[in-house]
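First comes the structure, then the notes that go with it.
The values are calculated or read from the model by the stated rules, or taken from the named source; none is laboratory data. Given the structure is predicted, the values throughout are model-derived calculations rather than measurements. Cβ sites come from the backbone with ideal geometry, for glycine too, and all protein chains shown count toward neighbours. Keep in mind that these areas ignore ligands, DNA and RNA; they rest on the heavy atoms of the full protein, side chains included. Shrake-Rupley method; radii C 1.70, N 1.55, O 1.52, S 1.80 Å.
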Amino acid sequence: MSRSLRSVDLVRIPKRKRHIRKILIVCEGEKTEPAYFKKFPEKPEVFDVLDVKGIGNNTIFVVNKAIELRDKAEKEGEPYIETWAVFDKDDFPQANFEKAIKLATENRINCAYSIECFELWYLLHFNYYETGMHRNDYFEKLSQLLKQPYTKNSDNMYNLLKDKTNIAIKNARKLYLKQYTQPLSEQNPVTLIFELVEKLKG
């Protein structure tokens, strides 16, 4: 073999560095939602890092913060593969709630909103519900179903519910398909958390 061929054999082709796949989740609540999402196990085929922020502010602020953090990461050369805003209708004015969804859509932010509140997602792990109720009633029902007092900001809900996640996805999708043709003001109850959870489960 000639020297030139041997030298070609010795040339090392550098391996391309795989970008870390990060998903950003910006939550309205400071503790309840972040405590749940932070428990999702890493799935290298879906994501390497789950960056969860609990903002503790109103719906529009949550979406604006998601846009800000997404854009900052892109400028720094460490972009997120997806960005999600998680918020509830709660007692916020309907106009603000709808404005937040519109703002998210216009800025390529995925929305996982709930009407009336995030705890609807927890309830759907047990049963299908399509009747609107006040969020305090959600807490009472959850305590009954969990057979222990439900406390907001609990950091154990993921572990308590993980075996029923597929049931919740099925119930939430069924509910969404029933509600989505209605005006947002008439969609109580509904939750899009199932879309985010499906993403995280791969």
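Output yes when any residue across the stretch 168-178 is of a type in the set (A, V, I, L, M, F, W, C), within 18 Å of Y129 (Cα to Cα) and open to solvent by 70 Å² or more (accessible area, probe 1.4 Å), and no when none is.
Applying the first criterion (of a type in the set (A, V, I, L, M, F, W, C)) to the stretch 168-178 yields 168-169, 172, 175, 177.
Remaining after also requiring within 18 Å of Y129 (Cα to Cα): 168-169, 172, 175, 177.
Cutting the leftovers down to open to solvent by 70 Å² or more (accessible area, probe 1.4 Å) gives us 177.
Scanning the stretch 168-178 turns up at least one residue that is of a type in the set (A, V, I, L, M, F, W, C), within 18 Å of Y129 (Cα to Cα) and open to solvent by 70 Å² or more (accessible area, probe 1.4 Å).
For the stretch 74-118, name all the residues that are part of a loop (DSSP other than H, G, I, E, B) and within 22 Å of N188 (Cα to Cα).
Kept after step one, since they are part of a loop (DSSP other than H, G, I, E, B), are these residues of the stretch 74-118: 76-81, 89-93, 107-109, 116-118.
K89, D90, D91, F92, P93, E116, C117, F118, listed by residue number.
Would you call D90 at pLDDT below 95 and open to solvent by 20 Å² or more (accessible area, probe 1.4 Å)?
Values: at pLDDT below 95: yes; open to solvent by 20 Å² or more (accessible area, probe 1.4 Å): yes.
So D90 passes the test.
Can you confirm whether the stretch 183-195 contains a residue that is surrounded by 15 or more Cβ atoms within 10 Å (Cβ to Cβ), within 30 Å of K72 (Cβ to Cβ) and among the polar types (S, T, N, Q)?
From the stretch 183-195, those surrounded by 15 or more Cβ atoms within 10 Å (Cβ to Cβ) are 184, 187-195; that's our starting set.
Right, trim to within 30 Å of K72 (Cβ to Cβ) and you get 184, 191-195.
Checking which are among the polar types (S, T, N, Q) leaves us with 191.
Yes - at least one qualifying residue is present in the stretch 183-195.
Hey, among T105, T32, T131, which residue is among the polar types (S, T, N, Q), within 14 Å of the chain's Cα centre (by Cα) and either closer than 18 Å to Y176 by Cβ or open to solvent by less than 60 Å² (accessible area, probe 1.4 Å) (or both)?
On the way: T105 fails: within 14 Å of the chain's Cα centre (by Cα); T131 fails: within 14 Å of the chain's Cα centre (by Cα).
None of the other options fit; the residue is T32.
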The lone condition D51 fails out of (1) open to solvent by 20 Å² or more (accessible area, probe 1.4 Å); (2) closer than 16 Å to I109 by Cα; (3) in contact (Cβ under 8 Å) with a residue 40 or more places away in the chain; (4) outside any helix (DSSP H, G or I) is (3)
For E130, the lone unmet condition from (1) in a loop (DSSP other than H, G, I, E, B); (2) in contact with a Phe, Trp or Tyr (Cβ under 7 Å, 6 or more places away or on another chain) is (2)
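Going by the structure shown, is N57 more than 14 Å from the chain's Cα centre (by Cα), touching a residue at least 12 places away in the same chain (Cβ under 8 Å) and assigned to a loop (DSSP other than H, G, I, E, B)? Full working, then the answer.
Values: more than 14 Å from the chain's Cα centre (by Cα): yes; touching a residue at least 12 places away in the same chain (Cβ under 8 Å): yes; assigned to a loop (DSSP other than H, G, I, E, B): yes.
It is true that N57 is more than 14 Å from the chain's Cα centre (by Cα), touching a residue at least 12 places away in the same chain (Cβ under 8 Å) and assigned to a loop (DSSP other than H, G, I, E, B).
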Inspect the stretch 154-163 for any residue being open to solvent by 10 Å² or more (accessible area, probe 1.4 Å), closer than 30 Å to R21 by Cβ and of a type in the set (K, R) and give the result as yes or no.
yes
